[in-house]
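Comments concern the structure below.
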Amino acid sequence: MNRWPFRHGAALGIGIMVLVAVGAVALINATAPTSLPLGFAGEGVFVYEDRCSSCHGTYAEGTGVAPALVGPGAATDTRSMSALADVVRGGHGEMSGRSLADQDLADALAYLRELQAYG
């Protein structure tokens, strides 16, 4: 007597469906955009001072080493938060990428947005 509850074809079909479902979930997760948590400018000032100000200036006004991050035509004026996060993490021009926790990055970007808006 055959103790296997499924016929071989049914078991193979179920196995293929499970693999396709797992693959689809993995593909969705791999291509989903990463979103940052809500940033807090009050916390971002500390991250900015520690990780960015030595090159970009105390108030992101730019220096001889790195460009301004606020003011007319600055990157923070026209780029989305996601695009700015990509620049920070991946680097741009002379700047090498920076490794920051998601919350620290979101806070620093919120601080730059506030400088741009009220600077």
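Just one of the numbered conditions (1) open to solvent by less than 60 Å² (accessible area, probe 1.4 Å); (2) of a type outside the set (Gly, Ala, Ser); (3) part of a loop (DSSP other than H, G, I, E, B) is not true of Thr76: (3). Among residues of the range 85-113 that are at negative phi and charged (D, E, K, R), those with a beta-carbon under 7 Å from a residue that is open to solvent by less than 60 Å² (accessible area, probe 1.4 Å) and in a helix (DSSP H, G or I) at least six positions away or on a different chain give the pairs Arg98/Val88; Asp104/Val47; Asp107/Gly44; Asp107/Val47; Arg113/Thr76. What's the total number of residues in the range 50-73 that are open to solvent by 60 Å² or more (accessible area, probe 1.4 Å) and part of a helix (DSSP H, G or I)? So the answer is 3.
For the range 54-98, a residue qualifies if it is out of contact with any strand residue (DSSP E or B) (no Cβ under 9 Å at 6 or more places or on another chain), at pLDDT below 90 and of a type in the set (Lys, Arg), and exactly one does: Arg79. Answer with yes or no whether Ala110 is open to solvent by less than 60 Å² (accessible area, probe 1.4 Å) and under 11 Å from the mean Cα position of the chain (by Cα). Spelling it out, it is not the case that Ala110 is open to solvent by less than 60 Å² (accessible area, probe 1.4 Å) and under 11 Å from the mean Cα position of the chain (by Cα).
Test Ser99 against the stated conditions and say whether it is of a type in the set (S, T, N, Q), open to solvent by 60 Å² or more (accessible area, probe 1.4 Å) and in a loop (DSSP other than H, G, I, E, B). Yes.
The values are calculated or read from the model by the stated rules, or taken from the named source; none is laboratory data. Everything numeric here is computed off the predicted structure, so don't read it as measured data. Heads up, the Cβs are rebuilt from the backbone with ideal geometry, glycines too, and the neighbour counts pull from every protein chain shown. Ligands, DNA and RNA are stripped out before the accessible areas are found, and what is left, the full protein with its side chains, is counted by its heavy atoms. Shrake-Rupley method; radii C 1.70, N 1.55, O 1.52, S 1.80 Å.
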